[in-house]
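Engineer: One structure coming up, written as structure tokens, with questions to follow.
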Amino acid sequence: MPGTCYFVSPDFPPDLAASLQQNYGLSATESPEGWYLCWTGDALVLRNTELNKQGDILVDFASGAATHRRKYGGGKSEAIAKAVGLTKKPGLTVVDATAGLGRDALVLASLGAKVTLVERQPAVAALLADGLRRAAQDPELAHWLPERMQLVFAPSQQALTQLPSPDVVYLDPMFPAREKSALVKKEMQAFHQVVGSDEDADALFPLAWQLASKRVVVKRPGYAEFLAGQKPSMQIEGKNNRFDVYVKAAL
């Protein structure tokens, strides 16, 4: 069933196991099937009983691909930075209403934006919280990341009606991937099985438009139709996707 995920408790720190149950409603099990959360080293990991460690997914803001993109990905010349408007105003407030693994949010925060990450799936929200915890302990990130990235565990539609108005609302709803790489296949498999499809994606647009004070930015594959059938004010092409920008007011 999409959205179902458990955690295997024996190796968990007691306070973390309690948090997974109390804050995210996850259930402990000794015999998981499919995707489940486990504790490895000092990190929370999403693992599959069929893939074992080869399919591990975690949120890591402090090393690997995240660090490489943050340092060498192009900075404000990246398409996402241009779409959100960070080339014009570096201190923008952004609500990332479909946070996922938080990779785009990290890029925006590293460029000066204050980002609220909204995630509704319990296991993914737990991964994000753990990634933020470890990032706050990293010497390179501790002095800026905690104040620029905040997590909200809630359905996107609920968050978009309750959060304070940001400059920008950013949407990156789930969409079938055409890429064939092992990494994309693994992560899309996890997200479709654990998260399920974003069948309510079109319903997010009017809420995002109402909440944002300056603009709404929607990330889409190049072949995808406009979200909710709404034609954007402008488009910015990325390497593997596009950003549809809906301008509400000047930055």
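The values are calculated or read from the model by the stated rules, or taken from the named source; none is laboratory data. Note that the coordinates shown come from a computational prediction; the quantities given were computed from them, not determined experimentally. In this analysis, Cβ positions are derived from the backbone assuming ideal geometry, glycine residues included, and neighbour counts consider all displayed protein chains.
Engineer: Which residues, counting only those in segment 4-41, are under 20 Å from the mean Cα position of the chain (by Cα) and of a type in the set (Val, Ile, Thr)?
Structural biologist: Residue satisfying the conditions is THR4 alone.
Engineer: Determine which member of the set LEU128, LEU141, LEU160 is under 16 Å from the mean Cα position of the chain (by Cα) and either within 27 Å of ASP15 (Cα to Cα) or surrounded by fewer than 17 Cβ atoms within 10 Å (Cβ to Cβ) (or both). Before the answer, list the steps.
Structural biologist: Values: LEU141 fails: under 16 Å from the mean Cα position of the chain (by Cα); LEU160 fails: either within 27 Å of ASP15 (Cα to Cα) or surrounded by fewer than 17 Cβ atoms within 10 Å (Cβ to Cβ) (or both).
Of LEU128, LEU141, LEU160, the one residue that is under 16 Å from the mean Cα position of the chain (by Cα) and either within 27 Å of ASP15 (Cα to Cα) or surrounded by fewer than 17 Cβ atoms within 10 Å (Cβ to Cβ) (or both) is LEU128.
Engineer: Contact list please: Cβ distance under 7 Å, first residue in segment 232-243 and at negative phi, second residue assigned to a loop (DSSP other than H, G, I, E, B), pairs at least six apart or on different chains.
Structural biologist: Between residues of segment 232-243 that are at negative phi and residues that are assigned to a loop (DSSP other than H, G, I, E, B), the close pairs are PRO232/PHE226; ASN241/PRO221; ASN241/GLY222; ARG242/GLY222.
Engineer: I'd like to check something: does segment 139-161 contain any residue that is within 25 Å of ALA224 (Cβ to Cβ) and among the hydrophobic types (A, V, I, L, M, F, W, C)?
Structural biologist: yes
Engineer: Of the residues in segment 138-181, how many are polar (S, T, N, Q), part of a loop (DSSP other than H, G, I, E, B) and at pLDDT 95 or above?
Structural biologist: Number of matching residues: 1.
Engineer: Continuing with the same structure: Which pairs do you get when a residue that is at pLDDT 85 or above, found in segment 192-215, comes within reach of a residue that is aliphatic (A, V, I, L, M) and exposed (fewer than 14 other Cβ atoms within 10 Å of the Cβ), reach meaning Cβ atoms under 7 angstrom, with the pair 6+ apart or on two chains?
Structural biologist: Cβ pairs passing all conditions: SER213/ALA249; LYS214/ALA249.
Engineer: OK, next. Tell me, which residue of segment 1-25 that is exposed (fewer than 12 other Cβ atoms within 10 Å of the Cβ) and at pLDDT below 85 is nearest to LEU132 (Cα to Cα)?
Structural biologist: Here the answer is PRO13.
Engineer: Quick one: count up the residues across segment 106-124 that are under 22 Å from LEU26 (Cβ atoms) and buried (at least 23 other Cβ atoms within 10 Å of the Cβ).
Structural biologist: Of the residues in segment 106-124, the ones under 22 Å from LEU26 (Cβ atoms) are 117-124.
Adding the requirement that they be buried (at least 23 other Cβ atoms within 10 Å of the Cβ) leaves 117-119, 123-124.
The total comes to 5.
Engineer: Sort out which residues of segment 213-230 are of a type outside the set (D, E, K, R), in a loop (DSSP other than H, G, I, E, B) and out of contact with any Ser or Thr (no Cβ under 7 Å at 6 or more places or on another chain), and write them in order of number. Show your work before the answer.
Structural biologist: Residues of segment 213-230 of a type outside the set (D, E, K, R): 213, 216-218, 221-224, 226-230.
Filter once more, keeping what is in a loop (DSSP other than H, G, I, E, B): 213, 221-224, 226, 230.
PRO221, GLY222, TYR223, ALA224, PHE226, GLN230 - these are the residues of segment 213-230 that are of a type outside the set (D, E, K, R), in a loop (DSSP other than H, G, I, E, B) and out of contact with any Ser or Thr (no Cβ under 7 Å at 6 or more places or on another chain).
Engineer: How many residues are surrounded by 11 or more Cβ atoms within 10 Å (Cβ to Cβ) and assigned to a loop (DSSP other than H, G, I, E, B) if we restrict to segment 26-58?
Structural biologist: 8
Engineer: Considering only segment 97-127, state which residues are closer than 22 Å to LEU37 by Cβ and assigned to a loop (DSSP other than H, G, I, E, B).
Structural biologist: THR98, ALA99, GLY100, LEU101, GLY102, ARG120, GLN121, listed by residue number.
Engineer: Would you please name the residue that is modelled with the lowest pLDDT, looking only at residues in segment 82-96 that are in a loop (DSSP other than H, G, I, E, B) and farther than 14 Å from LYS248 by Cα?
Structural biologist: PRO90
Engineer: May I pose another question? Find the residue count for segment 86-112, including only residues that are without any contact (Cβ under 8 Å) to a residue 60 or more places away in the chain, touching a helix residue (DSSP H, G or I) at 6+ places or on another chain (Cβ under 7 Å) and either under 11 Å from LEU151 (Cβ atoms) or among the small types (Gly, Ala, Ser) (or both).
Structural biologist: Looking only at that region, the number is 4.
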